[in-house]
1. Any chance the range B:112-124 includes a residue that's open to solvent by 10 Å² or more (accessible area, probe 1.4 Å), within 30 Å of B:Leu311 (Cα to Cα), out of contact with any strand residue (DSSP E or B) (no Cβ under 9 Å at 6 or more places or on another chain) and in a helix (DSSP H, G or I)?
2. Failed condition for B:Leu34, given (1) more than 8 Å from chain A (Cβ to nearest Cβ); (2) closer than 30 Å to B:Asp273 by Cα; (3) not β-branched (Val, Ile, Thr), with all others met?
3. Looking for whichever is farther than 15 Å from B:Gly238 by Cβ and of a type outside the set (Ser, Thr, Tyr) here; the options are B:Cys165, B:Cys211. Which one fits?
4. Which one of B:Glu55, B:Glu44, B:Glu59 is closer than 26 Å to B:Gln264 by Cβ and within 7 Å of chain A (Cβ to nearest Cβ)?
5. Restrict the check to the range A:4-24 and report whether at least one residue is of a type outside the set (Phe, Trp, Tyr), more than 10 Å from chain B (Cβ to nearest Cβ) and under 24 Å from the mean Cα position of the chain (by Cα).
6. If you check B:Leu79 against the conditions, is it within 23 Å of the chain's Cα centre (by Cα), in the same structural domain as B:Glu245 (by TED's automatic domain parsing), in contact (Cβ under 8 Å) with a residue 60 or more places away in the chain and within 20 Å of A:Ser94 (Cα to Cα)?
7. Select from the range B:230-255 the residues that are open to solvent by 10 Å² or more (accessible area, probe 1.4 Å) and in contact with a Gly (Cβ under 6 Å, 6 or more places away or on another chain) and list them in ascending order.
8. Have a look at B:Lys323, B:Lys315 and point out the one that is free of Cβ contacts under 8 Å to residues at least 12 places away in the same chain and either buried (at least 17 other Cβ atoms within 10 Å of the Cβ) or not assigned by TED's automatic domain parsing to the domain that holds B:Ser206 (or both).
Protein chains: 2
Amino acid sequence: MENEIEKLVREEIKRIAPYVPGKPIDELKRVYNLEKIIKLASNENPCGCSPRVKEVLKENIDNINRYPDGSGYYLKKALSEFLKVKEDEIIIGSGSSEVISLTIESFVKPGEEVIYPFPSFIIYRILVLKVGGIPIEIPLENDFSYNLDKFLEKITPKTKVIILCNPNNPTGTIVYKEQLKKFLEKIPDNIIVISDEAYFEYVETSDFGTCFPYYKDKNIVITRSFSKIYGLASLRIGYGIGRSEILNYMERIRPPFNTTELAQIAAITALKDQDFVKHSIEVNKEGKRFLYENFEKLGIEYTPTEANFILCKFKQDATGIIKELERKGIIIRGMKSFNLSNQYVRITIGTEQENKLLIEELSKLHLVGVSGRLRIVK
Amino acid sequence: MENEIEKLVREEIKRIAPYVPGKPIDELKRVYNLEKIIKLASNENPCGCSPRVKEVLKENIDNINRYPDGSGYYLKKALSEFLKVKEDEIIIGSGSSEVISLTIESFVKPGEEVIYPFPSFIIYRILVLKVGGIPIEIPLENDFSYNLDKFLEKITPKTKVIILCNPNNPTGTIVYKEQLKKFLEKIPDNIIVISDEAYFEYVETSDFGTCFPYYKDKNIVITRSFSKIYGLASLRIGYGIGRSEILNYMERIRPPFNTTELAQIAAITALKDQDFVKHSIEVNKEGKRFLYENFEKLGIEYTPTEANFILCKFKQDATGIIKELERKGIIIRGMKSFNLSNQYVRITIGTEQENKLLIEELSKLHLVGVSGRLRIVK
């Protein structure tokens with residue numbers, strides 16, 4: 001009967017890799033008999049979220065039997081004031097990834113091409129395949145920097161969407177202001193640019209190229225998240241910015257209750273606590289310097305980052321290192337799922353204490369010999 | 001530039017009705033200067049949710065900076081034990097409507113037909129149009145009962161999915177056991193049956209035809225919800241049951257973090273409190289009898305229901321009545337959005353007190369004259 005189902009399913013779905021169910025972190029705790037887990041794997045905010053958010057959530061669990069406000073009325077109002085954009089220039093998503101999904105579902109016809117960087121956020125490929133689009137992956141330069149000319153070269157009459165992941169996950173590299181300006185000037189009107197800016201709050205460089213100044217004049221959807229700096233990953237909430245002519249089409253297929261009431265309330269409250277945001281940026285900055293310094297001492301190659309994670313390259317297969325850290329309760333992310341070699345790992349910048357423990361365990365785990373080869377010491 | 005966008009958007013999206021942003025209930029409060037709102041419009045559980053759920057939510061808001069468990073590991077485990085089905089025969093959705101969406105997105109190719117009842121849940125049409133499918137709406141009988149022969153008659157080589165909404169929203173009518181058995185025997189293997197059972201816990205009739213006994217042998221996806229009897233509408237969580245061969249394809253396109261951590265925890269806790277479920281069923285039963293009796297006194301036609309809502313037919317356009325009730329803080333649902341005539345309204349069965357207030361206001365609002373004509377008395 002299995003073959004029977006294979007005959008029924010859409011071709012597009014068959015092209016997507018089969019689902020492998022994961023296990024939650026609590027299972028890891030149980031397996032290794034660990035008391036505490038340090039999770040540096042998913043680019044979450046190690047500072048938690050604004051304490052005000054927790055208060056407001058506690059105050060608002062009495063009405064969970066009621067459907068959420070499907071229009072996100074108050075959250076749109078709050079974002080509109082915060083960003084100085086019109087309410088109908090905002091769309092609310094179950095994480096910014098849903099906004100990316102709605103954009104692709106609204107505009108990409110079967111056989112049309114979507115250009116995006118490699119390596120980058122793995123969801124892009126799935127979303128493009130799902131609608132029968134053709135993924136065009138543009139390798140970043142050797143140092144993982146963006147060369148947007150290579151994106152422009154790949155534009156064909158079939159190109160419908162170009163995604164910039166900025167800062168890029170998992171490399172932490174960015175598109176710069178001047179670079180973006182020149183790029184957008186050359187983008188024809190029949191192409192939609194998605195600017196995935198989930199990590200933009202962490203950027204230190206002053207000439208970062210956000211698409212924000214251009215969204216009124218170009219076909220641009222900017223996507224942003226409450227999962228990262230605002231620390232609301234568990235609640236699934238993000239938003240998109242774009243001209244209402246674009247967003248109106250996306251609203252037609254947005255699931256009517258795509259975000260929970262608690263997520264909307266939390267997001268409104270989180271926006272108001274910019275002190276927490278500032279604090280999180282500081283912690284990230286300090287953690288970044290500390291990790292850079294110690295990676296250098298340990299001879300671990302890394303890509304300088306503008307986000308809250310660092311892409312590292314070990315001198316050998318990192319699978320053993322990842323496994324050893326896991327036993328100690330430290331989780332980092334191997335990059336095989338991003339189609340990078342097994343030498344690469346992505347490490348989320350943690351709190352001061354978490355970063356110290358990571359470096360301690362990494363130091364115990366490996367010694368860099370004269371040859372530069374790294375050995376695991378058990 | 002608007003015309004420009006219209007040229008870029010997928011044809012399927014253009015066929016979907018434009019989005020009209022709504023206003024939350026709090027806005028109604030503000031406009032009419034009301035203290036309390038009685039919402040009988042969205043088939044929510046008027047008893048709230050299990051008190052244990054509220055406790056467990058309060059205890060679990062400390063980790064909202066962490067991504068939810070994308071696999072729904074513990075919730076699948078809990079459902080597996082509760083339903084006596086295997087864990088890989090369960091899929092978790094952001095409400096059961098997402099499970100319906102994933103089924104349609106996985107199996108319906110452009111130009112293929114999806115058969116479902118009319119009137120029924122309005123989301124079906126949008127989901128079918130979105131993937132380029134062809135909606136085939138089968139009118140229910142005059143008393144809104146199901147005649148499944150009419151569904152079978154409409155099967156063509158292009159038919160891919162048949163949706164049964166059972167109990168049906170907004171009519172509260174059901175498919176019976178014998179009826180379902182005969183129907184399923186005639187369904188060929190190249191068709192997937194979606195059995196939307198969001199309200200099945202409310203059914204009083206013993207010969208209700210759930211698809212549950214058949215899902216192992218047929219191409220069936222049963223969808224169920226925590227939004228109704230479990231009172232978790234605000235948290236967006238539901239599930240599907242089907243053979244793993246079917247669900248595995250749907251898992252490929254399920255958004256990796258489609259439900260929040262709080263929703264998963266709430267659902268696990270809610271499942272354990274079956275006393276709350278029993279209580280909710282009792283309240284619904286009593287409310288149903290009370291409303292039947294009073295609708296009859298008031299000369300309001302209604303369709304006997306197996307769910308937690310009643311479809312009523314007024315002798316005239318109900319728009320004025322809906323508006324008048326709204327001013328008093330009572331919200332019921334006009335059925336124009338379901339493409340029924342403006343005489344129809346759908347009323348969710350409330351608590352004893354809410355039902356009494358509704359009947360009080362309805363009695364004040366209208367008098368049924370000798371002619372049976374209903375007048376609004378201001």
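The values are calculated or read from the model by the stated rules, or taken from the named source; none is laboratory data. These numbers were taken from a predicted model, which means no experiment stands behind them. Because the Cβ atoms are built from the backbone with ideal geometry, glycine has one as well, and the counts that use them run over all protein chains shown. Note: areas computed on protein heavy atoms with side chains; ligands, DNA, RNA excluded. Shrake-Rupley method; radii C 1.70, N 1.55, O 1.52, S 1.80 Å.
1. yes
2. It is condition (2) that B:Leu34 fails.
3. On the way: B:Cys165 fails: farther than 15 Å from B:Gly238 by Cβ.
From the options B:Cys165, B:Cys211, the qualifying one is B:Cys211.
4. Numbers: B:Glu55 fails: within 7 Å of chain A (Cβ to nearest Cβ); B:Glu59 fails: within 7 Å of chain A (Cβ to nearest Cβ).
Among B:Glu55, B:Glu44, B:Glu59, only B:Glu44 is closer than 26 Å to B:Gln264 by Cβ and within 7 Å of chain A (Cβ to nearest Cβ).
5. Going through the range A:4-24, the residues of a type outside the set (Phe, Trp, Tyr) turn out to be A:4-18, A:20-24.
In the following step, the residues that additionally are more than 10 Å from chain B (Cβ to nearest Cβ) were identified as none.
Within the range A:4-24, none of the residues are of a type outside the set (Phe, Trp, Tyr), more than 10 Å from chain B (Cβ to nearest Cβ) and under 24 Å from the mean Cα position of the chain (by Cα).
6. For B:Leu79, the condition - within 23 Å of the chain's Cα centre (by Cα), in the same structural domain as B:Glu245 (by TED's automatic domain parsing), in contact (Cβ under 8 Å) with a residue 60 or more places away in the chain and within 20 Å of A:Ser94 (Cα to Cα) - is not met.
7. B:Arg236, the sole residue that qualifies.
8. Working: B:Lys315 fails: free of Cβ contacts under 8 Å to residues at least 12 places away in the same chain.
Going through B:Lys323, B:Lys315 in turn, the sole match is B:Lys323.
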